[in-house]
Amino acid sequence: MPFAQLVIGPPGSGKSTYCNGMHQFMSAIGRKCSIVNLDPANEKTTYPCALDVRELITLEEVMDEEGLGPNGGIMYALEELEGNMEWLEGGLSRLGQDYVLFDCPGQVELFTHHASLRNIFLKIQKLGYRLVVIHLVDSHYCADPSKYISVLLLCLRSMLQLDLPHINVLSKIDLLNQYGPLAFNLDFYTEVQDLTHMLPLLEEDPRLKKYAKLNEAIVDLVDSFGLVSFETLAVEDKLSMTHMLQAVDRAGGYAFGEAEGAGDSVWALAMRGGWGVGMSAQDIQERWIDNREEYDEFERKQMEEQAAKAKAEAEADEFM
């Protein structure tokens, strides 16, 4: 039974970067992985693409032939893909038992209320894939109370629409400190704790003060569902990617029985070697928000020492 991640999120949230980084990470731990591009507008992929929807249909063709704009063109293209699932099924069959990353379009209506993407996911599931939705949103929204509430609504709606195992992710956590101090500790945002604490902050904005009752209703709605929480991600950080993959493996069931032929011996050794130590929200805040410069300097010195050691060992080998 093959496994797959369905990578969604608004434009610019880091979907393609995530797919590229996760592909490299999986390759490093010995897990066979392929990437499928489902975005008909993504003409310059930064990763090795095993299957590309643009071989079937492109956004430019739709806009020229149907006279549609970019958003309408994307939805039309996904409807075409839904109607030509034999093309996708044939391509996936050639990937065998590879772990698959699906890089999806960024138009939010596709995963909030338009049916085609959901129908495509369900058909992929019927092929035997164990699916996990990875919903990326920019972490800097935490620095703006109104935008953070909007992100919560987006994530909740996506979870209800897609009805699959779902992980919401605050991406680019390594850049969050550039957007000013947070009103609360990071765990408030990742665990989506009592949101009534945000109401005074919303009322401080003159534009939102008159919507106090609406804000209270929205906060109560999100709290009453109790579904939304977040992982964090810094794609270029090994520990962050390790933590992310562990969360995905648990959500999709991979952790309880890896796919046949996945080649995860390196991953198992890495877990025993200490990579699997969990990262709490407090750890992440200290690393990326409170003391980033100190940690960056420490890691830089570590890398220099390792490079010097490797060079010395190589030179010693030459004289032997």
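Take the conditions hydrophobic (A, V, I, L, M, F, W, C) and free of Cβ contacts under 8 Å to residues at least 60 places away in the same chain and apply them to I74. Does it pass? So I74 passes the test. Considering only residues in region 17-50 that are open to solvent by 10 Å² or more (accessible area, probe 1.4 Å), in a helix (DSSP H, G or I) and not β-branched (V, I, T), the one that is farthest from Q5 (Cα to Cα) turns out to be A28. When N177 is tested against (1) touching a residue at least 40 places away in the same chain (Cβ under 8 Å); (2) on the phi > 0 side of the Ramachandran plot, only condition (2) is not met. Criterion applied to S150, S146 was being closer than 29 Å to D220 by Cβ and open to solvent by less than 60 Å² (accessible area, probe 1.4 Å), and the one residue passing it is S146.
Within region 251-274, identify whether any single residue is open to solvent by 60 Å² or more (accessible area, probe 1.4 Å), in the same structural domain as L160 (by the TED database), at pLDDT 80 or above and not hydrophobic (A, V, I, L, M, F, W, C), and answer yes or no. Looking for residues that are open to solvent by 60 Å² or more (accessible area, probe 1.4 Å), in the same structural domain as L160 (by the TED database), at pLDDT 80 or above and not hydrophobic (A, V, I, L, M, F, W, C), one finds none in region 251-274, hence no. When V137 is tested against (1) in a helix (DSSP H, G or I); (2) open to solvent by less than 50 Å² (accessible area, probe 1.4 Å); (3) at pLDDT 95 or above, only condition (1) is not met.
Scanning region 1-16 for residues that are open to solvent by 10 Å² or more (accessible area, probe 1.4 Å), of a type outside the set (F, W, Y) and not in a helix (DSSP H, G or I) gives M1, P2, P10, P11, G12, G14. Residue count for region 214-250, restricted to those that are modelled with pLDDT under 90, assigned to a helix (DSSP H, G or I) and within 20 Å of Q24 (Cβ to Cβ): 2.
When Y47, Y76 are checked against the criterion of being farther than 30 Å from Y254 by Cα and in the same structural domain as Y129 (by the TED database), Y76 stands alone in meeting it. Note on region 178-211: residues that are over 23 Å from L160 (Cβ atoms) and either touching a Cys at 6+ places or on another chain (Cβ under 9 Å) or surrounded by 12 or more Cβ atoms within 10 Å (Cβ to Cβ) (or both) amount to 16.
For every residue, the table says whether it meets (1) open to solvent by 30 Å² or more (accessible area, probe 1.4 Å); (2) out of contact with any helix residue (DSSP H, G or I) (no Cβ under 7 Å at 6 or more places or on another chain); (3) of a type outside the set (D, E, K, R).
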{"residue": "L59", "(1), (2), (3)": "no, no, yes"}
{"residue": "N71", "(1), (2), (3)": "yes, yes, yes"}
{"residue": "E79", "(1), (2), (3)": "yes, no, no"}
{"residue": "L92", "(1), (2), (3)": "no, yes, yes"}
{"residue": "L95", "(1), (2), (3)": "no, yes, yes"}
{"residue": "L117", "(1), (2), (3)": "no, no, yes"}
{"residue": "Q125", "(1), (2), (3)": "yes, yes, yes"}
{"residue": "G128", "(1), (2), (3)": "no, yes, yes"}
{"residue": "L131", "(1), (2), (3)": "no, no, yes"}
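Would it be correct to say that F102 is touching a helix residue (DSSP H, G or I) at 6+ places or on another chain (Cβ under 7 Å), in the same structural domain as L154 (by the TED database), open to solvent by less than 10 Å² (accessible area, probe 1.4 Å) and not aliphatic (A, V, I, L, M)? So F102 does not fit the description; no. Restricting L182, L164 to those that are over 21 Å from G226 (Cα atoms), part of a loop (DSSP other than H, G, I, E, B) and assigned by the TED database to the domain that holds Q285 reduces the list to L182. Do you know which residues across region 192-218 are in contact with a helix residue (DSSP H, G or I) (Cβ under 7 Å, 6 or more places away or on another chain) and of a type outside the set (A, V, I, L, M)? Answer for region 192-218, where residues must be in contact with a helix residue (DSSP H, G or I) (Cβ under 7 Å, 6 or more places away or on another chain) and of a type outside the set (A, V, I, L, M): T196, E203, D205, K209, N215, E216.
The values are calculated or read from the model by the stated rules, or taken from the named source; none is laboratory data. Values in this document were obtained by computation on a predicted structure and should not be read as measured data. Note that we place each Cβ from the backbone using ideal geometry, even for glycine, and neighbour counts take in every protein chain shown. Side chains included, ligands, DNA and RNA excluded: accessible areas come from the protein's heavy atoms. Shrake-Rupley method; radii C 1.70, N 1.55, O 1.52, S 1.80 Å.
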